[in-house]
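This report concerns only the one structure given below.
The values are calculated or read from the model by the stated rules, or taken from the named source; none is laboratory data. These numbers were taken from a predicted model, which means no experiment stands behind them. Here the Cβ positions follow ideal geometry from the backbone for every residue, glycine too, while neighbour counts run over all protein chains shown. Keep in mind that these areas ignore ligands, DNA and RNA; they rest on the heavy atoms of the full protein, side chains included. Shrake-Rupley method; radii C 1.70, N 1.55, O 1.52, S 1.80 Å.
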Amino acid sequence: MSSYDDIDAFGAVPLSARAMAARPAPYLDGLNDAQRAAVEQLDGPVLMLAGAGTGKTRALTARIVHLLATGKARPNEILAVTFTNKAAREMKNRVGSMLGEAVEGMPWLGTFHAICVKLLRRHAELVGLKSNFTILDTDDQIRLLKQLVLANNIDEKRWPARMIASLIDGWKNRALVPEKVPVADASAFNHRGTEIYAQYQARLKELNATDFGDLLLHMVTIFQTHPDVLEQYQRWFRYILVDEYQDTNVAQYMWLRLLAGGHKNICCVGDDDQSIYGWRGAEVGNILRFEKDFPGAHVVRLEQNYRSTPHILAAASGVIRGNQGRLGKELWTEAERGEKVRLIGHWDGEEEARWIGEEIESMQKGTRGMRPYGLDEMAILVRASHQMRAFEDRFLTIGLPYKVIGGPRFYERLEIRDAMAYFRLVVSPEDDLAFERIVNTPKRGLGDKAQQKLQVKARENGVSLVDGARLALQDGDVTGKGGGELRFLVESLDRWGRMAGDKDIPHTELAEIILDESGYTAMWQNEKTPEAPGRLENLKELVKALENFDNLQGFLEHVALIMDNDQAEDGAKVSIMTLHAAKGLEFPAVFLPGWEDGLFPSHRSMDESGIKGLEEERRLAYVGITRAEEVCTISFAGNRRVFGQWQSALPSRFIDELPEEHVEVLTPPGLYGGGYGSAAPRPSAGMSERVAAADGYNSPGWKRLQSRAGQRGLSQPSESRNTVIDLDAVSAFTTGERVFHQKFGYGEIIAIEGDKLEISFEKAGIKKVVARFVTAADDIPF
DNA sequence: ATCGAGCTGTTTTTT
DNA sequence: ACAGCTCGAT
């Protein structure tokens, strides 16, 4: 029998009545009418459409406090879901501080995944798992798939494990178990994908493991097939709150709908204009359909913005207006007009970085009549992480302190994963994936051959790889140096396992012993590469992080779901991050470089998803602009080195969409190459002649851009804005044209198919190449 | 078994 | 440009 009748064992802490009675509803103080409505409409479905900077977190937390204060629900009867641990933590803290001392955290406030793990541990047996199942990270997932691909004699080139992984993730995001994958979907991949999917799921079950997608998928499956279980939770969770609803995927949506099916008290908070995760399965449709999905829903719009100046808001609105099918929201503010959005063009990416570096330095002192800004008040938000390099290079040379936010997370680093694999293996010796990871790390002379033998032994006897290794050693399958090393490893694992059970050995000490005795620390000490010291440093940090937990097991449990990267903040620094990473943040001064068609909006995104892709890019632009409180500076470069090749580009179409009365076009100081830097936006589009002329679109740089584009038939902005893929290099070439390719040299185009060109090269013969790697022969980029 | 030269495919990222 | 990987040489 399952044990969900112990639900209320979790942190049922009744609110102290006197804490609430002391001051009547202080948490409602200072809320505007819309916020107050969102807080007080407790029953029935509510959609809180909260624009950027409209105080949604405040409203959300006040709502929770209101639920508690009115006695509508106890803390453990509220289900509050977020996407990130950071958001969950913040909400917990804010609810805590609004309530004053007393509240033991809300047990059901957390990320979708964290909550699903908690639920799934209780009901694991319903999907054929044990409740101590492990959660695989992306790395394990890929390795597992690779094995399956190999075992099926599938061509790895045509079906890379990564690709299959994203296919499977996509299905899981849509809550599709292997049998439910639509025929059209499956046949597009020759049914190979679904076969592997099914095998992969079976293998996960054998390993008593799940991947991230499974956490949701399994819970949806359980709710759908066990109405009794579902009912328990429907009854238990009297109120449901969802943050960032526009980012939910189909599986999350189904999960929510199922859970909300009882009381129907679900409050979803989100902003359709900030949906930027479509590429990983988020469905804007979920938020757009809310009123249909939940009949009788109250829709509350938070439109008063407390973050940005009117110019910035107007610029953002101007851009987002280009999207179809929005729920519609117009942000307004009482703030002073402030600075217009500033726009500046540059000759190339390096100059853009140089200019921004200098502008940041001037802004520190105060410039152009603006107040001085501290470094930590400024941020650079880029579309793609490779853009960061130019800034890092530049800032390093001029000694401007900066920090990169996002990027590889601590727990994703190689050395951390290796160390964790050792820990995992000590805690659960049957963790085959962990064993595979470390069996020959550090090098123990156990190559493919030897590992194959262990696999065979394990499979034949139906035991784990560690036990397989034991048997192989007994039978003398692995001998020599490798054999000795393997024996030592297996014995060490046993020893560490016993130590893990010994209460007298602190687990942090054990961790150090494991890393030392395994030779893992020594491996990095002996390595002379520049990153080795950093890796050792990270290992130390890992051991330190262990201090916050009671034992290795507890630590591993948490780490599986918490991939945070809380870098210690020391001193004021300019932040550099992607637009995606910036969602939810705000800065007094924001720089938005790289607004060029192809880069932003991203060529790829439009290729793959057409108009939907373009709209998502536009939302990204909206998110970018609305991060700025006081100063927003948009820039673009006429030329940029991409994949080692110089490419020229036109200013982003989003620049045309900025309402001109809210934009000030800056001309860079004439320090570098005269007027070259002052390439202006496309003159005939959004910007008036006056504005365009004022900043010199007659400059040589701009003219050159234009004439280059002209040769390609790309210069007419009016045309280029109507079609989605027009900037694709496809239209740039004609058959018979003489072209140059970096690797193959000169040749003549004989056919064009989509974005691929068939070219007869003088030296290399006939090849098919992607159009953007080819340039017209008489026009090699400057 | 392991090391280094050549090939490929290059957005965005959380859990 | 470059990282990550496969394949051939030690």
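Summary table
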read-out	value
Residue list for region A:223-242, restricted to those being without any contact (Cβ under 8 Å) to a residue 12 or more places away in the chain and of a type in the set (Phe, Trp, Tyr)	none
Residue count, region A:160-200 (criterion: small (Gly, Ala, Ser) and open to solvent by 30 Å² or more (accessible area, probe 1.4 Å))	5
Odd one out for A:GLU557 among (1) away from DNA strand B (no atom under 14 Å from the Cβ); (2) at pLDDT below 90	(1)
Filter result for the condition that a residue is in contact (Cβ under 8 Å) with a residue 60 or more places away in the chain, more than 30 Å from A:MET91 (Cα to Cα), within 16 Å of DNA strand C (Cβ to nearest atom) and open to solvent by less than 30 Å² (accessible area, probe 1.4 Å), over A:LEU144, A:LEU204	A:LEU144
Test for A:PRO506: is it free of Cβ contacts under 8 Å to residues at least 12 places away in the same chain and closer than 19 Å to A:LEU539 by Cβ	yes
Out of A:VAL404, A:VAL427, sole residue that is away from DNA strand C (no atom under 15 Å from the Cβ) and either of a type in the set (A, V, I, L, M, F, W, C) or crowded, with 18+ Cβ neighbours inside 10 Å (or both)	A:VAL427
Region A:430-462, subset open to solvent by less than 30 Å² (accessible area, probe 1.4 Å) and among the small types (Gly, Ala, Ser), residue nearest to DNA strand C (Cβ to nearest atom)	A:ALA450
Entirely in region A:106-188, the helices (runs of 4 or more DSSP H) that have 1 or more residues that are within 16 Å of DNA strand B (Cβ to nearest atom)	A:112-123, A:138-151, A:161-173
Tally, over region A:609-645, of residues that are within 16 Å of DNA strand B (Cβ to nearest atom) and in a helix (DSSP H, G or I)	16
From A:GLY338, A:GLY325, A:GLY399, residue being without any contact (Cβ under 8 Å) to a residue 12 or more places away in the chain and more than 16 Å from DNA strand C (Cβ to nearest atom)	A:GLY399
Cross-chain or 6+ apart pairs with Cβ under 7 Å, region A:591-609 first and in the same structural domain as A:GLN647 (by TED's automatic domain parsing) and more than 20 Å from A:THR626 (Cα to Cα), then away from DNA strand C (no atom under 16 Å from the Cβ) and not in a loop (DSSP other than H, G, I, E, B)	A:ASP597/A:ARG653; A:SER605/A:GLY613; A:SER605/A:GLU616; A:SER605/A:GLU617; A:MET606/A:GLY613; A:MET606/A:LEU614
Residue among A:PHE391, A:PHE435, A:PHE423 that alone is within 16 Å of DNA strand B (Cβ to nearest atom) and under 30 Å from A:ARG487 (Cβ atoms)	A:PHE435
Any chance A:LYS481 is in contact with a Gly (Cβ under 9 Å, 6 or more places away or on another chain) and open to solvent by 60 Å² or more (accessible area, probe 1.4 Å)	yes
Close pairs from region A:73-86: first in the same structural domain as A:TRP236 (by TED's automatic domain parsing), partner near DNA strand B (Cβ under 6 Å from one of its atoms) and in a strand (DSSP E or B), Cβ under 8 Å, at least 6 apart	A:VAL81/A:THR111; A:THR82/A:THR111; A:PHE83/A:THR111; A:THR84/A:THR111; A:ASN85/A:THR111
Which listed residue, of A:GLY399, A:GLY445, is more than 15 Å from DNA strand B (Cβ to nearest atom) and modelled with pLDDT under 90	A:GLY399
Any hit, region A:646-659, residues being more than 21 Å from A:SER362 (Cβ to Cβ), within 13 Å of DNA strand B (Cβ to nearest atom) and modelled with pLDDT of 90 or more	no
Among (1) more than 16 Å from DNA strand C (Cβ to nearest atom); (2) touching a helix residue (DSSP H, G or I) at 6+ places or on another chain (Cβ under 8 Å); (3) farther than 28 Å from A:ARG409 by Cβ; (4) not aromatic (Phe, Trp, Tyr), the one test that A:GLN645 misses	(1)
Residue that is within 16 Å of DNA strand B (Cβ to nearest atom), within 27 Å of A:PRO593 (Cβ to Cβ) and either within 26 Å of the chain's Cα centre (by Cα) or not basic (Lys, Arg) (or both), where the choices are A:ALA335, A:ALA384	A:ALA384
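Residue-wise test of (1) basic (Lys, Arg); (2) over 23 Å from A:TYR402 (Cα atoms); (3) under 26 Å from the mean Cα position of the chain (by Cα).
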{"residue": "A:ASP293", "(1), (2), (3)": "no, yes, no"}
{"residue": "A:ILE344", "(1), (2), (3)": "no, no, no"}
{"residue": "A:ARG354", "(1), (2), (3)": "yes, no, no"}
{"residue": "A:GLU359", "(1), (2), (3)": "no, no, no"}
{"residue": "A:ASP376", "(1), (2), (3)": "no, no, yes"}
